[in-house]
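A quick write-up on the structure given underneath.
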Amino acid sequence: MKKLIIIAAILFVGNVSALAQVEFDRPEAFLFERKNRLVAISDTIETGKSDRINIGSYKYKQKKSFAVTDPIDYKGYCSVYGNADVNSNAITNSFVKSLLYNYSYIDQNLIQQQINRLKSSNRFGADINAGSYGQYRVKNILVEAGLKYRSFYAEQFSRDDFSLIFKGNNYGQTANLSPLNVTDYTYQALYVGARKTIDKKKRITVGMRVGYIKGGSLQYARSKNMSLYTATDGSYINLNGDFQVAYSNDSTNSSVPRTTGNGMYTDFNFVIKGDKGEFVAELLDLGFIRWNNVSYYSGNGQYQYSGFNYNPLAANSLSITSVTPVGFFDQMGLNRQTKNVTYMLPTTLHLAYFRHLTPKITVSGGVRQMAVPGYIPRVYGKLAYYIRKDFVIIPTLAYGGFGRADIELGISKTFKEHVIVSVNLFCFEYLVAPNKTSGNGLSFSMSYYF
């Protein structure tokens with residue numbers, strides 16, 4: 001259960017147990033809505049300079065230019081998709097592999113490698129998405145509807161917080177455990193929307209979606225000034241600081257979590273098209289979920305643990321008194337409530353520009369910012385190379401978000417003119433340099449237009 005991640009970080013037990021759909025820069029878009037429609041044409045012009053072409057006493061040269069073909073004519077469109085990714089500015093792929101994928105032994109060298117990379121404030125994120133949606137054109141309005149599932153985890157943590165969990169705290173040492181921001185939730189959504197071209201030249205399009213949300217599980221923890229002191233003789237540990245913790249019932253952490261809340265959200269998009277370029281702005285997941293009957297603890301308190309008992313004459317000379325989460329929160333003096341909690345979704349702002357340079361090359365660049373503690377603007381650049389008009393590869397360089405520098409590779413192919421299959425691979429660093437890099441993931445989609 002992901003709630004145990006929070007409790008483990010608080011109780012020092014020594015263990016830690018991708019995205020609203022960003023539609024405009026998904027790989028299949030480069031074979032559909034953002035498809036490169038340039039074709040090369042050659043013009044022969046008279047010139048006074050020496051050239052390859054000589055006809056009579058005149059000299060000519062050939063000059064290549066590009067024409068734009070008509071866009072894909074379609075009535076409707078449907079798609080299924082899924083993606084999962086993890087990223088961090090500090091935790092390496094080797095560590096993630098041992099901790100989350102293989103559940104293998106983590107030695108001290110690997111732990112120390114992570115500590116050397118840590119800063120005073122660090123970030124880690126994981127995102128899993130799956131869904132399906134469809135569009136249908138009614139006159140000049142594109143109507144759409146879809147279903148989606150999302151599991152989202154984000155954490156901002158200190159160097160001392162990580163060191164405490166995996167190496168412990170030295171005698172007489174105070175560990176600074178702030179900032180601590182942990183968010184973990186799941187939800188399902190049903191949405192409808194529409195897009196419409198609003199100008200006579202058909203260059204400006206605006207769109208909006210409205211979605212209904214059923215909230216699944218929720219866990220979060222917040223602290224701005226938490227610290228832990230270990231006695232010089234190791235006889236006790238002392239925790240101080242302000243704290244907020246909220247979590248839904250454990251039964252929501254099943255493979256198909258029951259719903260415990262309701263909410264609404266909206267997406268907005270705005271597009272300006274030119275003959276060879278396009279500007280896109282999106283505001284995604286602007287909304288909230290109101291979870292019901294959540295266990296909520298808040299306050300500023302102190303907790304001292306001295307449950308170590310040593311008796312050299314006993315068969316088990318060392319015993320440790322167990323502590324339940326409820327007992328821990330109560331002894332710390334936090335205010336305990338069961339109430340409804342409203343949580344704002346991590347709204348994403350995305351700006352992008354696409355430019356078709358030649359019939360084989362399209363470039364795009366953009367920036368994405370998510371309203372999550374610790375997340376920094378993710379800046380990226382893409383180069384779409386059309387091996388054929390129905391087959392494109394899309395390498396991507398990016399920096400920011402939950403991670404640092406990342407390399408991705410998108411591949412998209414059209415089959416039998418109407419089926420588009422796309423894969424985006426985020427695993428180059430994971431395979432090539434796992435000890436020095438962070439971030440890995442995979443996305444897949446299959447679409448059909450008619």
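The values are calculated or read from the model by the stated rules, or taken from the named source; none is laboratory data. Values in this document were obtained by computation on a predicted structure and should not be read as measured data. Reconstructed Cβ throughout: ideal geometry from the backbone, glycine too, with neighbour counts over all protein chains shown.
Points to keep in mind about this one:
- Remark: pairs (first residue in segment 99-114, within 15 Å of ASN435 (Cβ to Cβ) and at pLDDT 90 or above; second residue among the small types (Gly, Ala, Ser) and assigned to a helix (DSSP H, G or I); Cβ separation under 7 Å; 6+ apart in sequence or on different chains) = LEU110/SER94; LEU110/SER98.
- Pick from segment 186-205, criterion more than 17 Å from LEU142 (Cα to Cα) and touching a Ser or Thr at 6+ places or on another chain (Cβ under 8 Å), ranking: surrounded by the fewest Cβ atoms within 10 Å (Cβ to Cβ): GLN188
- Screening the candidates ASN116, ASN129 for the property of being part of a strand (DSSP E or B) and polar (S, T, N, Q) yields one hit, ASN129.
- Residue in segment 429-438 that is part of a strand (DSSP E or B), surrounded by 22 or more Cβ atoms within 10 Å (Cβ to Cβ) and polar (S, T, N, Q) present: no
- For segment 314-333, the condition of being at pLDDT below 90, in a strand (DSSP E or B) and surrounded by 15 or more Cβ atoms within 10 Å (Cβ to Cβ) holds for none of the residues.
- Filter result for ASP85 (more than 18 Å from ASP285 (Cβ to Cβ), surrounded by 19 or more Cβ atoms within 10 Å (Cβ to Cβ) and modelled with pLDDT under 95): no
- Filter result (surrounded by fewer than 16 Cβ atoms within 10 Å (Cβ to Cβ) and among the hydrophobic types (A, V, I, L, M, F, W, C)) within segment 390-410: PHE391, LEU397, ALA405, LEU409
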